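The values are calculated or read from the model by the stated rules, or taken from the named source; none is laboratory data. Owing to the predicted nature of the structure, the values given are computational and were not obtained by experimental measurement. Quick reminder, even Gly has a Cβ in these numbers, built from the backbone with ideal geometry, and neighbours come from all protein chains shown. These accessible areas exclude ligands, DNA and RNA; they are computed on the full protein's heavy atoms, side chains included. Shrake-Rupley method; radii C 1.70, N 1.55, O 1.52, S 1.80 Å.
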Amino acid sequence: MVMLGVHVVAALAGVALGVGAIYVVRMLIEGVRRDQRIQPENTTPGLLRDDWERIDEMLDSKDASERLECFALLERYGREDPHYREDVVSLVCTYLRRPFDYPAEDEKELEIRLAAQRILSRHFRWPQGEARPLEFWDLDYLDLRDTVLVEPDFGDTVLEDADFRDSLIVRGDFRRTQFLSYVNFDRACFTGDIDFRAASFPRYATFVGAMFSGTTTFADAEWVHGADFTDARVEQPGAAHSWPSPWRAWATSPVAQARLIPMKTGSRPPSSAERRRS
C-alpha cells in the first residue's frame with residue numbers, strides 16, 4: 001500500500017512536471033514572439049517595453065508631433081543602453097530614406113528630418129585630439145543610401161563605414177570628418193556648397209558618377225590612396241572649387257557641365273580615346 005502511494009505520488013509529480021514544462025516552453029515561445037523585435041531582451045532602465053513596440057506606429061503616424069516625439073524616445077533608448085544604438089541608428093537612417101521632396105513643401109516634415117539628422121551628428125562627433133566624448137556612439141556602419149539630407153552637419157564626426165550612394169545632399173558640412181575605412185558617395189547629388197576641408201579619407205573612397213552643383217572644396221583633405229571621381233560632373237566649373245589631386249574639372253564648352261578627370265598640373269586634357277584606354 002505504501003509502495004502504491006509512492007507510485008501514485010511519483011506519477012502525479014511527473015504529470016505536474018510535464019504540464020509545467022509545457023507551460024514553461026509555451027511561455028518561452030510567446031516571449032520570443034513578443035520580443036522578436038526587441039534587442040536586447042531586458043528592458044532599458046526607465047523605459048517601457050510598450051514604448052519600443054509602439055515605435056513603428058509612431059514613425060508612421062500622421063501626427064507630425066508624434067513622429068518628432070518618436071525620435072526623442074529613440075535617442076533616449078540609445079543613451080541609456082549601448083545595446084540599442086545600432087537599432088536606433090538603423091531606424092533613423094530608414095526614416096531618412098523615405099521619399100522627400102526638396103525644396104520642402106512640408107515644413108513640419110523637414111523639422112522632423114532635421115531632428116533625425118541631429119541624432120547622427122551628436123553621437124558620431126569626436127573632434128580630433130579630444131578625449132572620447134560621453135555622447136559618442138561607436139558603431140561600425142552608417143547606411144544613408146538613397147537619403148535626402150538637408151544641411152547635414154558631419155563636421156568633426158568619426159564614421160567607420162559610411163554609405164551615401166544615390167543620396168541627395170543639400171549644403172553638407174564634412175569639415176574634418178574622419179572616414180575610417182570605407183566611404184561611398186557614388187551617384188550622390190550635392191546641391192549648394194559642400195565642404196570637405198581637412199577631412200580624412202580611407203583606402204576606399206569613391207565618388208563615381210556624383211554630381212556637384214554648388215561650390216565644393218576638398219582643401220587640406222587627407223587621402224590614403226586618393227579617391228575615384230570617374231564620371232563625376234560639375235555644374236559650375238568656374239566656381240572656386242578645390243578638387244583633390246590629380247582631379248580637375250574639364251568642360252568642352254563654357255556652358256557645358258564639366259567632368260572631373262585625372263590630370264597632371266599644366267597638362268592638356270586627355271582625349272576621349274585616351275580616357276577610354278585608361
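Just report the Cα centroid separation between region 63-88 and region 176-231, whole Å.
30 Å
Under the Karplus relation 6.51 cos²θ - 1.76 cosθ + 1.60, θ = phi - 60°, what is the ordered set of whole-Hz ³J(HN,Hα) values for region 56-71, x standing for Gly and Pro?
4, 5, 5, 5, 8, 5, 6, 7, 4, 5, 6, 5, 5, 4, 4, 5
Can you list residues from other chains, or at least 5 along the same chain, whose modelled amide H is less than 5 Å from the amide H of Thr157?
Long-range HN contacts for Thr157: Trp126, Thr177, Gln178.
What is the projected area of the convex hull of the Cα atoms of region 109-236, averaged over all directions, in nm²?
Quarter of the Cα hull surface area: 7.4 nm².
Compute from the Cα atoms of region 153-197 the Rg and the Dmax, the latter being the longest Cα-Cα distance, and quote both in angstrom.
Using the Cα atoms of region 153-197, the pair Rg, Dmax is 10.1, 27 Å.
Ranking request for peptides 147-154, 59-66, 215-222: highest mean number of other beta-carbon atoms within 10 Å first, then the rest in descending order.
Going by the mean number of other Cβ atoms within 10 Å, highest first, we get 147-154, 215-222, 59-66.
Apply the Karplus parameterisation 6.51 cos²θ - 1.76 cosθ + 1.60, with θ equal to phi minus 60°, to every residue of region 146-160 and state each ³J(HN,Hα) to the nearest whole Hz, in sequence, with x for glycine and proline.
6, 9, 10, 10, 9, 6, x, 10, 9, x, 6, 9, 10, 10, 6
Could you sort the peptides 199-206, 251-258, 172-179 by per-residue average Cβ neighbour count (10 Å cutoff), highest mean leading?
Ranked from most to least packed, the peptides come out as 172-179, 199-206, 251-258.
Going 7 Å from the Cα of Tyr204 along its beta-carbon direction, which residues of region 129-173 have the amide nitrogen within less than 18 Å of the resulting point?
Under cut-off, by backbone N: 139-146, 159-167.
Between Trp250 and Ser181, take the C-beta separation as r, use R0 = 30 Å, and let me know the FRET efficiency to the nearest 0.05.
Computed FRET efficiency for Trp250 and Ser181 comes out at 0.45.
Just to verify a number: FRET efficiency for Arg97 and Arg76, C-beta to C-beta distance, R0 = 22 Å, to 0.05? Don't jump to the answer; show the numbers that get you there.
Numbers: r = 23 Å, r/R0 = 1.03.
My answer for the efficiency is 0.45.
With the other protein chains left in place, how much accessible area per residue, in square angstrom, belongs to region 124-164 at a 1.4 angstrom probe?
On the way: 1910 Å² over 41 residues.
In whole numbers, region 124-164 has 47 Å² accessible per residue.
Express the relative contact order of region 60-163 as a whole percentage, based on alpha carbon pairs under 8 Å and six or more residues apart in sequence.
29 percent
State, to one decimal in nm, how far the label point of Asp138 lies from the label point of Leu114, with both points 7 Å from Cα in the Cβ direction.
Rounded to a tenth, the inter-label distance reads 3.4 nm.
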